[in-house]
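What follows is a short report on a single structure.
The values are calculated or read from the model by the stated rules, or taken from the named source; none is laboratory data. Quantities reported herein were computed from a predicted structural model and do not represent experimental measurements. Neighbour counts run over all protein chains shown; Cβ positions are idealised from the backbone, glycine included.
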Ligand code: NI
């Protein structure tokens, strides 16, 4: 039993075979998927998928890439979407200083606004953080995020920073990059972080793990991430699958 805690199965790369891919999940051991929005449109699409398939849950939010023209009216619309039955978190929200697709002051403003929305709705947050550790942590420290919890997705920081993230009441999710050769920092973080704080994900269609790196990723490959975590921690695949699934259900509050 595996839980892909972060997927984008609504992406156009699945337009030709989405139904087939999704229906093959359960026979591949994937029992739960969180499909993550990155703007209003993809948030709506995530809800449509969640309504159609019992094992898919939706996360709604606006990614830092897409905040440039965001308005307060959009936040109100997001709030309405978030009230839908199978919405389990607000995300993905955060900062991305690697691509800098939106001005940094706007990224920070809308990251904060969406944390406030999550606190208001009492929903956990799914955080995207790339090359923006210091500002991201500074913003998170300003809010009582412990009350809602959440996930630092595709974690790429140090083992040191992981400790502070955990102290804030958040979990860390690891994706394909942890399987890449020479990713010493990712391996160190997995080794240091207690299994009770680890989630696994694909971030599909991106970030396919080894040995299928470079191909279109899908949720079935979350198995390869679980295998890597098991190898690093020296425990069984079954234990990683079981505990990371429990962790994701706890954070997303799935019964
Ligand atoms: Ni993502």
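For segment 61-74, the tally of residues that are in contact (Cβ under 8 Å) with a residue 40 or more places away in the chain and assigned to a loop (DSSP other than H, G, I, E, B) stands at 5.
Listed here are the residues, each with its yes/no results for (1) buried (at least 21 other Cβ atoms within 10 Å of the Cβ); (2) farther than 13 Å from residue 7 by Cα; (3) more than 16 Å from the ligand (Cβ to nearest atom).
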site: 39; (1), (2), (3): no, yes, no
site: 45; (1), (2), (3): no, no, no
site: 53; (1), (2), (3): no, yes, yes
site: 56; (1), (2), (3): yes, no, no
site: 63; (1), (2), (3): yes, yes, no
site: 68; (1), (2), (3): no, yes, yes
site: 80; (1), (2), (3): no, yes, yes
site: 89; (1), (2), (3): yes, yes, no
site: 105; (1), (2), (3): no, yes, yes
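Here residue 213 fulfils each of the conditions (1) in a loop (DSSP other than H, G, I, E, B); (2) surrounded by 20 or more Cβ atoms within 10 Å (Cβ to Cβ); (3) over 17 Å from the mean Cα position of the chain (by Cα) apart from (2).
Residues in segment 86-119 that are within 14 Å of residue 37 (Cβ to Cβ) and assigned to a loop (DSSP other than H, G, I, E, B): 86 only. Residues in segment 229-249 that are under 18 Å from the mean Cα position of the chain (by Cα) and more than 25 Å from residue 125 (Cα to Cα): there are none.
Specify which of the listed residues (4, 10) is within 16 Å of the ligand (Cβ to nearest atom), in contact with a helix residue (DSSP H, G or I) (Cβ under 7 Å, 6 or more places away or on another chain), within 20 Å of residue 222 (Cβ to Cβ) and part of a loop (DSSP other than H, G, I, E, B).
Working: 4 fails: part of a loop (DSSP other than H, G, I, E, B).
Selected residue: 10, the only one of 4, 10 that is within 16 Å of the ligand (Cβ to nearest atom), in contact with a helix residue (DSSP H, G or I) (Cβ under 7 Å, 6 or more places away or on another chain), within 20 Å of residue 222 (Cβ to Cβ) and part of a loop (DSSP other than H, G, I, E, B).
Does residue 208 meet the test of being crowded, with 17+ Cβ neighbours inside 10 Å and modelled with pLDDT of 95 or more? For residue 208, the condition - crowded, with 17+ Cβ neighbours inside 10 Å and modelled with pLDDT of 95 or more - is met.
Go through 155, 143 for me and flag whichever is without any contact (Cβ under 8 Å) to a residue 60 or more places away in the chain, over 20 Å from residue 201 (Cα atoms) and crowded, with 16+ Cβ neighbours inside 10 Å.
Checking each option against the conditions leaves just 143.
Considering segment 120-137, and only residues there that are out of contact with any helix residue (DSSP H, G or I) (no Cβ under 8 Å at 6 or more places or on another chain) and assigned to a strand (DSSP E or B), the residue that is nearest to residue 86 (Cα to Cα) turns out to be 126. Does residue 202 count as assigned to a loop (DSSP other than H, G, I, E, B), closer than 16 Å to residue 30 by Cβ and within 15 Å of the chain's Cα centre (by Cα)? In short, yes. Taken together, 16, 34, 50, 58 contain a single residue that is at pLDDT 95 or above and in a helix (DSSP H, G or I), which is 50. Regarding residue 100, is this residue surrounded by fewer than 18 Cβ atoms within 10 Å (Cβ to Cβ), on the phi > 0 side of the Ramachandran plot and at pLDDT 95 or above? So residue 100 fits the description; yes.
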